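These notes concern the structure reproduced below.
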Amino acid sequence: MAEIAPITAGAELPPLELRVRRADLVRYAGASLDFNPIHWNDRVADEVGLPGVIAHGMYTMAIAGRLVTDWLGDPGRLVEYSARFIRPVIVPNDDEGALVELTGKVRDVREDGTARVDITARFQGKAVLGKAIAIVRTR
């Protein structure tokens, strides 16, 4: 097993950029059983006043969580994770998809062997998750 680098307050996680494409939304719908047409049908999204087809909020949260689990190298070290959905990720019907930019920073390391990581997820330069916080085991 590889040696884990110490986690220190103020440490920045390596940034991660992920593309969300319509095919990702279809796969997520199948896995989650959330087949709401706002996640795949432009006409329905338009009829309900959305600017286009939007990614599932939980999918967006999941890919933001990947920033932390990739950094940790062991998803089992993720103890707690929460976020608020504040803006949708609009996914165009093309090969490029939507670019989600993820960054994170260790806010504090606690005496109980955990650390708080604040996560930022942006689409088109604007935050899509609010109060995205991961609690991780430091060892």
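The values are calculated or read from the model by the stated rules, or taken from the named source; none is laboratory data. Since the model is a prediction, treat every value here as computed from it, not as a measurement. Please note: Cβ atoms are built from the backbone with ideal geometry, for glycine as well, and neighbour counts cover all protein chains shown.
Run residue 81 past the list (1) closer than 20 Å to residue 32 by Cα; (2) in a loop (DSSP other than H, G, I, E, B) and report the number of the one that doesn't hold.
Only one criterion in (1) closer than 20 Å to residue 32 by Cα; (2) in a loop (DSSP other than H, G, I, E, B) is unmet by residue 81, namely (2).
Where the second residue is surrounded by fewer than 17 Cβ atoms within 10 Å (Cβ to Cβ) and of a type in the set (Gly, Ala, Ser) and the first is farther than 24 Å from residue 88 by Cα and lies in segment 112-139, which pairs have Cβ atoms under 7 Å and are six or more apart or on separate chains?
Once the first residue is farther than 24 Å from residue 88 by Cα and sits in segment 112-139, its partners that are surrounded by fewer than 17 Cβ atoms within 10 Å (Cβ to Cβ) and of a type in the set (Gly, Ala, Ser) give 137/113; 138/113; 139/113.
Looking at 45, 2, can you tell me which residue is of a type in the set (Gly, Ala, Ser) and either modelled with pLDDT of 95 or more or under 15 Å from residue 123 (Cβ atoms) (or both)?
Working: 2 fails: either modelled with pLDDT of 95 or more or under 15 Å from residue 123 (Cβ atoms) (or both).
Selected residue: 45, the only one of 45, 2 that is of a type in the set (Gly, Ala, Ser) and either modelled with pLDDT of 95 or more or under 15 Å from residue 123 (Cβ atoms) (or both).
Find all pairs meeting these conditions: Cβ atoms under 7 angstrom apart; at least six residues apart or on different chains; first residue within segment 30-49 and farther than 16 Å from residue 88 by Cα; second residue among the hydrophobic types (A, V, I, L, M, F, W, C).
32/58; 35/29
Hey, could you check segment 112-132 for residues that are more than 14 Å from the chain's Cα centre (by Cα) and within 19 Å of residue 14 (Cβ to Cβ) and say which is surrounded by the most Cβ atoms within 10 Å (Cβ to Cβ)?
Per the stated criteria, the residue is 115.
Assess whether residue 86 counts as being among the hydrophobic types (A, V, I, L, M, F, W, C) and at pLDDT 95 or above. So that I can check it myself, show each step before the final result.
Details: among the hydrophobic types (A, V, I, L, M, F, W, C): yes; at pLDDT 95 or above: yes.
Judged against the criteria, residue 86 is a match.
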